[in-house]
Amino acid sequence: MNEITGNEIIHQYLRHNKKFPHVLCPGCGHGIVLGTLIRSIHSLNIPKDDVVIVAGIGCSGRLAVYVDFNTVHTTHGRALSFATGIKMANPKLNVITIMGDGDALSIGGNHLIHAARRNIGVTALILNNNIYGMTGGQSSPATPMGATTMTNPFGQLDKSFDTVELARGAGANYVARGTTFHVKKLEKVLTDAIERPGFSVVEAITPCHTQYGRKNKYKTPVDMYKWMKKAAIPVDRYNELSEAEKEDRLAIGVFVERDQPGFEERYFDLKAKLQAQEEKGGK
Amino acid sequence: MARRKKRKEIFALGNEAVVEGALLAGCSFYGGYPITPSSEIMEIMASKLPQTDDGVFIQMEDEIASMGAIIGASLAGRKVLTATSGPGFSLKQENLGYAVMAETPLVLVNVMRGGLSTGLPTCPGQGDVQQARWGTHGDHPIIVLSASNVQECLDMTITAFNMAEKYRTPVILLLDEITAHTREKIEIPYEGEFEVFSRTIPSMPPEWYKPYEETVRGVPPMPPIGSGYRFHVTGLTHDRNGFPTQRPEEVVELMDRLHRKIDQFFYDIQLVEEIQTEDADTVVIAYGCVARSAELAVQQARANGIKAGLLKLKTLFPYPRRQQEKIMANAKTIIVPELNMGQMSREVKRVNQGRASVRTINRIDGQIITPSEILKVIMQG
Amino acid sequence: MKKHKGKSKVTVYPDWCKGCGICVEFCPSKVLDLTDQGKAVVAREEDCIRCGFCELHCPDFAIIVKDKEPVEADNPTKIAAKKNATGKGA
Ligand SMILES: Cc1ncc(C[n+]2csc(CCOP(=O)(O)OP(=O)(O)O)c2C)c(N)n1
Ligand code: SF4
Ligand code: SF4
Ligand code: SF4
Ligand SMILES: [Mg+2]
């Protein structure tokens, strides 16, 4: 008999009492990221009951409802704070947040910084489509300078965040970037991120043709995947490029690998120490 | 720990009593952000919770995150607490609404300080009463409790946890700077002397579980995340499975149930203390530190031969309208003293419907309302 | 990859396919076409080298690539399932 592979694996993790196809636009990269996440979790053999998906608000946040894990669709930008509470309440759970670029970097930027500083044992999956997709194509903190958006009709004036540098600076244990074209690599870093204790950030570059591409010279969704195929380059090779050559390229791969204990580990170690002291004192 | 059979007497601050009450009620998770005059609650939790068996304390980056953290922890099965004051209370509102919508038990203590905005951080106030009722957007039910002395801080915190768990809802405990910072002798009840309610967890197999199903009490059972009942939690209007819906009949069903599960248990939720109200023709309706002044004023009025009484509100919302109706059988004058420009008096007037004469005493200068101020108005009749 | 050529069964779920064209554009063997109705269809199954690209990149999980079905006689479960599927069983 045929072994279950590929999308049949994914079908086993979907909530079939939800309507499919899902609500996302044709060619939206968010669906590819969801599939990748499912394959990562499947490859790690984590039981569905032990996985908690904590999503923010945005097209990206809508993903949570479709998968048969414990799913929490929170408020805009706040997914990491909910996730922190869940992880501290039950450190055995695998807590993964799904956030958009607006969600994670703008309204939720403070939570991202502090989750990284604390090094809480949560995986932050950031779906960066360079735009506010759900609300109709306004600028996000990841919109490239010069790009046209609904709120920057004359071109984006401010610089965009570099998610990787932000997470590195704030103290995340693991930071990686992938794209929805280079799916196998994305799956690899996501699997690593989930496995590693402490705070991990995976930025997935994912196209939003509807709200970003169309207004920025990408005629079809496929054009956006062609762009990713051309622009992405492994980080070690990227580092060898001249500044001018770097302009239009996108470094992908693993950027930070640290081995600091997660916040929950430090907290429960402290508790154990205090308890031991009390027992000693009690004699 | 050895089981106590006797009450223990301690001297405590109101804020300390909140912590004692929370721990007795089974609270094992605190997430917060410091703000005067509530910070002692957080500080004491910071030293106590790590020393309990399963207690978790976490200082979050702001009040929004504090709410997120306790909601997450509650979904994972913990009894959770956060405490704040005015500015922080404003920041908590969006996630407070989420907790109502997602039916997540939690207790939020707001130690009211004076003024709007940064206002009068170290002075007492009662200006957040209507915000507690209506602070988060959209129609929603909410339980708001209060306490007027240190013993009540402890007792009402236990009550707040029990109501949160029983009705799967956030409960706000409104204190004021005076009550929170008063130090007095209180009795800590012993285990078994008071009720501790914990949320009902589902007993059916996970395949049968519908997270937001209609039940007799209107309160669906709630499993902790990770216990085999996988379901979807969302702030979007949802159907019985927890999936987003915009179908009018499903929207109405959810909104009806959310309100009904609180409304129909008014007899359990609406708590007051009636002090010499049976024959009173002048009744003071008060809460928090002002109720203390009012009690003294009523005693002095009685000594002067005036039939005065006090209806002390322990539940502010849902407003105890039946208890007010009861005292209105005799009351010709109702006096509502408050440390604001008239917030509970709106509720009193709504129930009164022009029958008795309602007089308000309002202070917004960061000072307390003294017994003699209230007595003066009682004597005016 | 070559060893897979001609041995794969490619299925598109038409009701899940949104016709984004990713699979059609990037399939190295041009196995798939896009219909006028905006759905991907399997046009040249024999050319599939089972690279997996289409399955990995379909945002709607609408493509399955598997080994070709073994002959039915070797697969009693499948036959039993088919029988039941007529809906006229007990
Ligand atoms: C407090 C609050 N502010 C604003 C919104 C409106 N809103 C919903 S989604 C969104 C932005 C979504 O962009 P992003 O996070 O990048 O997700 P995407 O849709 O692109 O996946 C905004 C501003 C909201 N829901 N809540
Ligand atoms: S608007 Fe953009 S992000 Fe949202 S579903 Fe459509 S393509 Fe995806
Ligand atoms: S990638 Fe999927 S949705 Fe897009 S055309 Fe192919 S089968 Fe259809
Ligand atoms: S598996 Fe590869 S070769 Fe076969 S149809 Fe899919 S993309 Fe084409
Ligand atoms: Mg976005």
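Listing for the model above:
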item	result
Output for region B:26-38, where each listed residue is over 19 Å from B:Pro105 (Cα atoms) and more than 18 Å from the chain's Cα centre (by Cα)	B:Tyr33, B:Pro34, B:Ile35, B:Thr36
Listing of helices (runs of 4 or more DSSP H) fully contained in region A:191-283 that carry 1 or more residues being more than 14 Å from chain C (Cβ to nearest Cβ) and open to solvent by 80 Å² or more (accessible area, probe 1.4 Å)	A:235-239, A:243-246, A:263-282
Pick from region A:39-58, criterion buried (at least 24 other Cβ atoms within 10 Å of the Cβ) and part of a loop (DSSP other than H, G, I, E, B), ranking: farthest from the other protein chains (Cβ to nearest Cβ)	A:Gly58
Test for A:Thr180: is it within 16 Å of ligand 3 (Cβ to nearest atom) and either more than 21 Å from A:Thr84 (Cα to Cα) or open to solvent by less than 20 Å² (accessible area, probe 1.4 Å) (or both)	yes
Entirely in region B:144-254, the strands (runs of 3 or more DSSP E) that have 1 or more residues that are under 25 Å from B:Ile269 (Cβ atoms) and under 24 Å from the mean Cα position of the chain (by Cα)	B:170-176, B:183-188
Which numbered condition B:Ile44 misses (of (1) touching a helix residue (DSSP H, G or I) at 6+ places or on another chain (Cβ under 6 Å); (2) open to solvent by 20 Å² or more (accessible area, probe 1.4 Å); (3) within 13 Å of another protein chain (Cβ to nearest Cβ))	(3)
When residues of region C:4-21 are limited to those that are over 15 Å from C:Phe53 (Cα atoms) and not charged (D, E, K, R), the one farthest from the other protein chains (Cβ to nearest Cβ)	C:Gly6
Index of the failed condition, C:Glu45 passing every other in (1) at pLDDT 95 or above; (2) more than 10 Å from every other protein chain (Cβ to nearest Cβ); (3) open to solvent by 60 Å² or more (accessible area, probe 1.4 Å)	(3)
Test: A:Val222 is more than 17 Å from A:Arg249 (Cβ to Cβ), of a type in the set (A, V, I, L, M, F, W, C), away from ligand 1 (no atom under 16 Å from the Cβ) and more than 15 Å from the chain's Cα centre (by Cα)	yes
From the options A:Gly77, A:Gly85, residue that is among the small types (Gly, Ala, Ser), open to solvent by less than 40 Å² (accessible area, probe 1.4 Å), within 14 Å of chain B (Cβ to nearest Cβ) and farther than 24 Å from A:Ile131 by Cβ	A:Gly85
Set B:Glu165, B:Glu177: member being of a type in the set (Asp, Glu), touching a Cys at 6+ places or on another chain (Cβ under 7 Å) and open to solvent by less than 30 Å² (accessible area, probe 1.4 Å)	B:Glu177
Residue list for region A:59-74, filter: farther than 18 Å from B:Tyr98 by Cα, at the interface with chain B (Cβ under 7 Å from one of its Cβ atoms) and open to solvent by less than 10 Å² (accessible area, probe 1.4 Å)	A:Phe69
Qualifying residues in region A:128-160 (those that are among the hydrophobic types (A, V, I, L, M, F, W, C) and away from ligand 1 (no atom under 12 Å from the Cβ)) - the one nearest to the other protein chains (Cβ to nearest Cβ)	A:Ala147
Check on B:Ile70, closer than 23 Å to A:Gly56 by Cα, facing chain A (nearest Cβ under 10 Å) and open to solvent by 20 Å² or more (accessible area, probe 1.4 Å)	no
Test for B:Leu106: is it more than 27 Å from B:Arg240 (Cα to Cα), open to solvent by less than 10 Å² (accessible area, probe 1.4 Å) and within 11 Å of chain A (Cβ to nearest Cβ)	no
Residue satisfying condition, being surrounded by fewer than 19 Cβ atoms within 10 Å (Cβ to Cβ) and under 30 Å from B:Thr36 (Cβ atoms), within set B:Glu152, B:Glu187	B:Glu187
Residues of region C:51-73 classified as away from ligand 1 (no atom under 16 Å from the Cβ) and either closer than 25 Å to A:Tyr66 by Cβ or at pLDDT 95 or above (or both), total	15
Any chance C:Lys30 is part of a loop (DSSP other than H, G, I, E, B) and more than 16 Å from ligand 2 (Cβ to nearest atom)	yes
Within region C:48-60, considering residues that are assigned to a loop (DSSP other than H, G, I, E, B) and near ligand 4 (Cβ under 6 Å from one of its atoms), the one farthest from the other protein chains (Cβ to nearest Cβ)	C:Ile49
Members of region A:21-37 found to be open to solvent by 20 Å² or more (accessible area, probe 1.4 Å) and either closer than 16 Å to C:Glu55 by Cβ or touching a Ser or Thr at 6+ places or on another chain (Cβ under 7 Å) (or both), listed by number	A:Pro21, A:Cys25
Residues of region A:136-149 classified as within 12 Å of ligand 2 (Cβ to nearest atom) and in contact (Cβ under 8 Å) with a residue 40 or more places away in the chain, total	3
Residue match in region B:309-326 (condition: of a type in the set (Lys, Arg), part of a loop (DSSP other than H, G, I, E, B) and either modelled with pLDDT of 95 or more or open to solvent by 40 Å² or more (accessible area, probe 1.4 Å) (or both))	yes
Some residue of region A:43-65 being among the basic types (Lys, Arg) and more than 16 Å from ligand 5 (Cβ to nearest atom)	yes
Sole exception among (1) among the small types (Gly, Ala, Ser); (2) within 14 Å of chain B (Cβ to nearest Cβ); (3) surrounded by 19 or more Cβ atoms within 10 Å (Cβ to Cβ); (4) within 12 Å of ligand 1 (Cβ to nearest atom) for A:Gly109, by number	(3)
Residue that is nearest to ligand 1 (Cβ to nearest atom) [pool: residues in region C:2-11 that are surrounded by fewer than 18 Cβ atoms within 10 Å (Cβ to Cβ) and closer than 23 Å to A:Ile10 by Cα]	C:Thr11
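Quick grid of which residues meet (1) touching a residue at least 24 places away in the same chain (Cβ under 8 Å); (2) surrounded by 18 or more Cβ atoms within 10 Å (Cβ to Cβ):
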| position | (1), (2) |
| --- | --- |
| B:Val196 | yes, no |
| B:Pro205 | no, no |
| B:Ser227 | yes, no |
| B:Thr234 | yes, yes |
| B:Thr245 | no, no |
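Residues checked against (1) surrounded by fewer than 17 Cβ atoms within 10 Å (Cβ to Cβ); (2) farther than 23 Å from A:Gly29 by Cα; (3) of a type in the set (Gly, Ala, Ser); (4) within 10 Å of ligand 5 (Cβ to nearest atom):
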{"residue": "A:Ala115", "(1), (2), (3), (4)": "no, yes, yes, no"}
{"residue": "A:Asn128", "(1), (2), (3), (4)": "no, no, no, yes"}
{"residue": "A:Thr151", "(1), (2), (3), (4)": "yes, no, no, no"}
{"residue": "A:Phe161", "(1), (2), (3), (4)": "no, no, no, no"}
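The values are calculated or read from the model by the stated rules, or taken from the named source; none is laboratory data. Since the model is a prediction, treat every value here as computed from it, not as a measurement. Cβ sites come from the backbone with ideal geometry, for glycine too, and all protein chains shown count toward neighbours. Only protein heavy atoms, including side chains, enter the accessible area calculation; ligands, DNA and RNA are left aside. Shrake-Rupley method; radii C 1.70, N 1.55, O 1.52, S 1.80 Å.
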